[in-house]
Amino acid sequence: MSPKKKTPSAKLVKGMKDIVPAEQLIWDFVREKVKSAARDYGFTRIDTPIVEFTQLFKKSTGEDTDVVSKEMYSFVDQGGDRLSLRPETTPSVVRAYIEHGMLNQPQPVKMFYIGPQFRHDKPQAGRYRQFWQFGFEAIGDVDPIIDAQMIVMNYDILQDLGLDTEVQINSIGDKSCRPKYLKALTQYYKDKKKDLCADCTKRLVKNPLRLLDCKVKGCQELAAVAPQMIDYLCEECNKHFTAVLEYLDEAEVKYNLNPKIVRGLDYYTRTAWEIVEANEEGKLQALGGGGRYDELVGLLGGRGDTPAVGFAMGMERIINKMKEKQVELPAPRRSDVYIAQLGAEARRKGLKLLMELRRGGLTVSEDLSKNGLKGQLELADKKCARYALILGQKEIVDETILIRDMESGVQETVDYKKVVKEVHKRLASQLTEKCLKIKKMKKS
Ligand code: AMP
């Protein structure tokens, strides 16, 4: 660290983002949809540490990728180990698959994750240095139906979140056919070096596939007429890709063949896809993507012929899109009861009552530090509580409590010991009334 650099104590680190309480409703909504899709499609959650050996990412994501060579947060810890904050989670999931001997479970092993990733990228709108991804991985099955299932699920989750997205798909072949293609690609660019951006000049030597997804205009023009991998696929890769597309047709998931989808990371083989959405100016923006990675398990020391496929989605981008489209969210759950207390004795009892009500299965709200009934009832109203439980001096002496219906204003005194039961009784009869009303409306 430069000795001159000042470190302010109460300032957010550049490129990072707080997810403040007001935003949690939309974040929870996304997390819940992801979890419910995982349950429905048979995926189990895995949580891996945020910190891994740097070598894991160098070996899997690839030493020459931007993510590893330019953007990783790496450090040497007190014990001398070279560690990195994960820039993506697939390598960690594969490491866990190998280390926990998941090879011995029924294949494919289907796992999903939700968690923060770290890349020292240039911060800009929708691009952070800590950002969240959810991702799904199916390890141990080569059948093209698994690729199609992943794409269908990926598409389905975004539909569930109110986003009408498009699948862009390509095949980037495997080690038997890709070298021939890379040779043709390098040959094509040979006399065009002077027209490439500085990054692409390097990519031409280290990672020529990446020339195809460069964002610089001049490079894009050259990429548009470059040779395409699809024309170089070997018979096996071709068969695999055709089958994936047929399954997608059958599932009626619309897709576009896009020869420029190569994904930025080294380990992809065969199917590669991105899910895109048009932004306000009509420009397509990737919300995430995925692909097959049939060689990664072997590369990291697992059994050599363990195929796999997975995808990762950027949660900030998805949430920004949802906000842009004003996707309707379910109303936050209103509380069943609000505790209003008057006097020191009632306040003391209030704390225990709060615990008892919660244990009795009720959602509770309160402002135990406040005085005055009027103010507390106003707060109960603001918090949309269904009932207020009023505990004053008289109730303490009589061992009772007042239940006030916050909609009608009707109050009733009940035995303090029976309060949980009494609230549940009222909530249940309210539900029946609501149900009868709906039935009546449907009939008329
Ligand atoms: P990748 O792992 O690079 O394939 O990225 C998958 C998705 O993660 C992208 O399409 C973005 O939605 C999201 N993503 C990647 N990098 C960032 C970042 N720096 N900030 C926010 N989201 C990101």
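A short reminder: the numbers here are calculations on the coordinates, not readings from a lab. Remember, predicted model here, so these are calculated numbers, not experimental data. Quick reminder, even Gly has a Cβ in these numbers, built from the backbone with ideal geometry, and neighbours come from all protein chains shown.
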What is the Cα coordinate range of the stretch 100-185 on the first, second and third principal axes, sorted by size from largest, in whole angstrom?
-> 41, 40, 32
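What ranking do 243-249, 221-227 get when scored by the average of other Cβ atoms within 10 Å per residue, highest first?
Working: 243-249: 17.7, 221-227: 14.1.
By packing density, highest mean first, the sequence is 243-249, 221-227.
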Which whole-number value in Å³ per residue fits the convex hull of the alpha carbons of the stretch 227-351?
-> 251
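Rounded to two decimal places and with Rh computed the Kirkwood way over Cα pairs, what is Rg over Rh for the stretch 38-195?
Details: Rg = 18.4 Å, Rh = 18.4 Å.
In the stretch 38-195, Rg relative to Rh is 1.00.
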Would you order Glu88, Glu399 from fewest to most other beta-carbon atoms within 10 Å of each residue's own beta-carbon?
-> Glu399, Glu88
All alpha-carbon distances of the stretch 283-417, grouped into 10 Å bins from 0, give the whole-percent distribution 10, 28, 15, 11, 13, 12, 9, 1
Any idea what Rg and Dmax come out to for the stretch 203-298 if you just take the C-alpha atoms, in Å?
-> 14.5, 43
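Using the count of nearby Cβ atoms within 10 Å as a rough guide to exposure, how do Thr54, Thr413, Thr44 rank from fewest to most?
On the way: Thr54 19, Thr413 13, Thr44 10.
Listed from fewest to most nearby Cβ atoms, that is Thr44, Thr413, Thr54.
Ignoring everything except DSSP H segments at least 4 long, calculate the 222 nm mean residue ellipticity for the chain; use -39,500 (n - 2.57) per segment, divide by total residues, nearest 500. Kindly include the intermediate steps, with their values, before the conclusion.
Working: 15 runs with 169 residues, N = 444.
It lands at -11500 deg cm²/dmol.
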Given Lys394/Lys417; Lys122/Lys192; Lys202/Lys239, which pairs have Cα atoms separated by over 24 Å?
-> Lys122/Lys192; Lys202/Lys239
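For a protection proxy built on the mean count of beta-carbon atoms within 10 angstrom, sort 307-316, 13-22 highest first, please.
Details: 307-316: 23.6, 13-22: 10.5.
Packing order, densest peptide first, comes out as 307-316, 13-22.
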Of Leu329, Gly301, Val364, which is farthest on the positive side of the dipole of the stretch 297-424, counting Cα position, with +1 on Lys and Arg Cβ, -1 on Asp and Glu Cβ, and the Cα centre as origin?
-> Gly301
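Taking the beta-carbon count within 10 Å as an exposure proxy, list Leu209, Leu182 from fewest neighbours to most. Let's see the in-between values first.
Working: Leu209 21, Leu182 17.
Going from least to most buried by this count: Leu182, Leu209.
Starting from the Cα gyration tensor of the stretch 341-380, multiply each eigenvalue by 5, take the square root, and state the resulting semi-axes largest first in whole Å. Can you show the working numbers first?
On the way: eigenvalues 67, 34, 6 Å².
Square roots of five times the eigenvalues give 18, 13, 6 Å.
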With the contact rule set at Cα under 8 Å and sequence spacing of 6 or more, what percent relative contact order holds for the chain?
-> 14
How fast does the stretch 1-96 diffuse by Stokes-Einstein, in µm²/s, taking the Kirkwood radius from C-alpha pairs at 10 °C and 1.306 mPa s?
-> 96
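Which of the pairs Lys370/Lys437; Lys254/Lys323; Lys14/Lys110 have their Cα atoms more than 30 Å apart in this structure?
Details: Lys370/Lys437 38 Å; Lys254/Lys323 24 Å; Lys14/Lys110 35 Å.
Violating the 30 Å Cα-Cα cut-off are Lys370/Lys437; Lys14/Lys110.
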Just from the alpha-carbon atoms, what are the Rg and Dmax of the stretch 122-262 in angstroms?
-> 17.3, 48
Shape metrics for the stretch 138-199, restricted to C-alpha atoms - Rg then Dmax, Å = 17.9, 48
Under unit Cβ charges (Lys, Arg +1; Asp, Glu -1), what dipole magnitude, rounded to 20 debye, does the chain have relative to its Cα centre?
-> 1420
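Give the value in nm², to one decimal: projected area of the alpha carbon convex hull of the chain, averaged over all directions. Walk me through the numbers on the way to the answer.
Working: hull surface 123.6 nm².
Average projection, Cα convex hull of the chain: 30.9 nm².
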